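Reviewing the structure listed below.
No lab work stands behind these numbers, since they all come straight from the coordinates. Predicted, not measured: the structure shown is a model, and the values here were computed from it. So basically every Cβ, Gly included, is an ideal-geometry build from the backbone, and we count neighbours across all protein chains shown.
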Ligand code: BGC
């Protein structure tokens, strides 16, 4: 069987709003060694493919990143796509299931709608929020409607209803961008909602545009007018089109929401009756910044049921969701005893088991519901979200039931593509915490935390977590959209990348810290490169190239020489434990960190230039990297070439990982690192910048056991320390809750910060053993490092080419491994070696239905018995590729499912 599945356009299918289509598909087969030789891709104006506008045939293995290069696409038009793939001259698949994509409004003059704003502003609540308003219009369909669309956006957050039905499953639209430069609009199919007489109502709240943002209590960052724009297009069966745009004829009302603020929560008065307060008025605001939505929206990804309800020692009624999560608590209005219900959200209980929310700082995270008579009503907030596990309940009667409540989990709609399970309960919980951290903090943009008065696009947090994030979920289009906000922000400050994107700290609050810092600004280079590697997405490199280069050039102008960044405030190894108690900065020298990252970014830029075929830049930045490396060695290494001037773990980790120590000296440097770890009682003490790579560096230089030791440590500081202390998401600090039960200062103590979840990348690569060889996992390695304390592991990664699987089991007597290599990919499988040399010699590997033998390090094809090993392609199996290390045995294999089994002792 061969077939094409999962045909996608910009990583999605049947989507409205696509401007530059990029196609991908998966070749599936249950036969071995299948490769695509040729494909035919068609784009048509109709579903039956009788009006094909692009018929594209190529002799190529490529199944991803196929850019549409047919005739100019028309705006607001639907196109159908299908593909067929050949695996040999005469063997091809059927046509794939067709998908469609539809283009949105392309240009400013296609907007036949005006920005409108409310005439009446009501300031409500103690913090004088702008009350959300409703813009409304009645309209008629003048015939049989065959197609209806709405294009809509606002300066704030909106929710659209047509005839009282919400038009989509999306929330928090138009999304968080730097609204000065880019305001997304959305395109929705509303055909099914249209009747003869219709009413459209758009509720608009403040959101990121004008609500409270960041820790300075700042409001109205982007503006103080929450305008809205919408265009409805009705196409009738006779081909005529009616266009209805927002204008001054739209009515203004207020509804039941008294206020809604992202940090502070919603106040909803169910006794309010929607009242008309006049008309919307014209708002002469630019349409130039309107851009079509790219990538997924925030949606409800799941629902969870609370696990407990109890009175704490303060007699507060507290609900426990059993999981730190992001979204809303909804409840049924059945067991309510007061006129007012108040929900206050918190992440953890204090030492004494009481409700606690001091770590939310100024964010009130409080939803208030004024009760109406309707006893079955389910209340769900709008235009606010909370990060919480516990909710303090006020206004409920004592007979309130767990089943009255539900947790609505909100997140960017990124597909989960990775799965990682082991035989170790604590490690599984750690993985679950990492995934929940990702779900929680990929909230339209990648954020630092979801609960306190931040929830911002902190750049370092995102860059260190991105490899792990990419193993767990397909974050490509989501993050690619966010990256587009980098360049305009950089243009404002000479190429420097701000600490947060969108840069809502600039101006007074930004100046308090710095306009940029290494490790944070390097998100500009690291993230596009990660997306390129994990998803094979070359377009992200071309899209971001200028931003990457501007960043490197900016850093090049800093420092006391062209090849050093030894000036400016550096946040460096943020919250590392090697500095004094309660200090934010780790002990690693800021100049060392900044110069190391400068080199790393330059290296990435050079490699990107090469991928994009820009050889002039490649040579220039390659040379720059060499010069920075020399300069790093002269300034931060002793004359032995491996002893680093800062005696911290991170000071060794970065130069080894970023290739700033000569290859032949790296082992000695890692020996020093191991020594420092031993001196610290076999524990890490790294912060944001050292932690992501510590285990990689140890594993890559012969300290696999020590890497496992760090992973298995259950006492402070370690990943499992948090797990043992009941964490269900990742903590910001190793000691968020200290050994005596007290907290790190409430100034900065998030219990849902994904940064230290960056260990996930190591777990996939070492426990599961799935490692990248060619971008997009077109070629990869499967090299699991089995460990008795884990016993077994199943690790799958749904790559752009299909599902990669590595599943192993280790018992006293036997090791077995089952792998899946998707069609059209190749893998180098490196089997873990038996413990001693004799065993290596004797061990018989049963490979599916065949046999192969270890030899003492000198593996040659002619000494391996190939009986029945029909699947090993001899042309891919030469000595150089097979021998991996003294006792390891590797096979280069094409696609298929394989099973290996042999004695380890
Ligand atoms: C954020 C971080 C961030 C740091 C840098 C914190 O408040 O939550 O994760 O990277 O500030 O200053």
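Just a few scattered comments:
- The tail of the calculated P(r) for segment 489-625 beyond 18 Å holds 56 percent of all Cα-Cα pairs.
- Gain on full extension, evaluated as 0.36 nm per residue between residue 146 and residue 119 minus their Cα-Cα distance, stands at 6.2 nm.
- Gap separating the Cα centres of segment 359-417 and segment 90-125, nearest whole Å: 30
- Across the chain, the relative contact order, built from alpha-carbon pairs under 8 Å that are at least six residues apart, equals 10 percent.
- Here segment 378-460 was treated as a single set of alpha-carbon atoms; its pair distances binned every 5 Å from 0 give 3, 10, 18, 19, 17, 15, 11, 6, 2, 0 percent.
- Multiplying the residue separation of residue 45 and residue 679 by 0.36 nm and subtracting their alpha-carbon distance yields 221.4 nm.
- Stretchable slack from residue 813 to residue 88, in nm (0.36 nm times residue separation minus alpha-carbon distance): 256.7 nm
- Put the Cα centre of segment 741-759 next to the Cα centre of segment 554-574 and the gap is 28 Å.
- In this structure, residue 773 and residue 740 have a Cβ-Cβ separation that, at R0 = 41 Å, corresponds to a calculated FRET efficiency of about 0.30.
- To the nearest ten degrees, helix 538-556 and the longest principal axis of the Cα atoms of the chain are 80 degrees apart.
- Cα point-scatterer Debye curve for segment 428-530, base-10 log of I(q)/I(0) at q = 0.10, 0.18, 0.19, 0.21 Å⁻¹: -0.27, -0.83, -0.91, -1.09
- Quick note on segment 709-801: its Rg to Rh ratio, both from C-alpha atoms and Rh being the Kirkwood radius, is 1.08.
- Calculated [222 nm] ellipticity per residue, helices only, for the chain: -6500 deg cm²/dmol; basis is -39500 (n - 2.57) per DSSP H run with n ≥ 4, divided by all residues, nearest 500.
- C-alpha long axis of helix 615-636 to longest principal axis of the chain, angle in °: 70
- Quotient of C-alpha Rg and 2.2 N^0.38 Å, computed over the chain: 0.98
- Relative contact order computed over segment 557-621 (Cα-Cα under 8 Å; 6+ residues apart), in percent: 24
- Using a Förster distance of 41 Å, the FRET efficiency for residue 238-residue 273 (Cβ separation, nearest 0.05): 0.50
- Residues residue 305 and residue 128, FRET efficiency given R0 of 35 Å [Cβ-Cβ distance, rounded to 0.05]: 0.40
- Between the Cα long axis of helix 523-535 and the first principal axis of the chain there is an angle of about 70°, rounded to the nearest 10.
- Separation of the residue 619 and residue 664 label points, Cα + 7 Å toward Cβ, nm: 2.9
- Restricted to Cα atoms, segment 607-723 shows a radius of gyration and a Dmax of 16.4, 51 angstrom.
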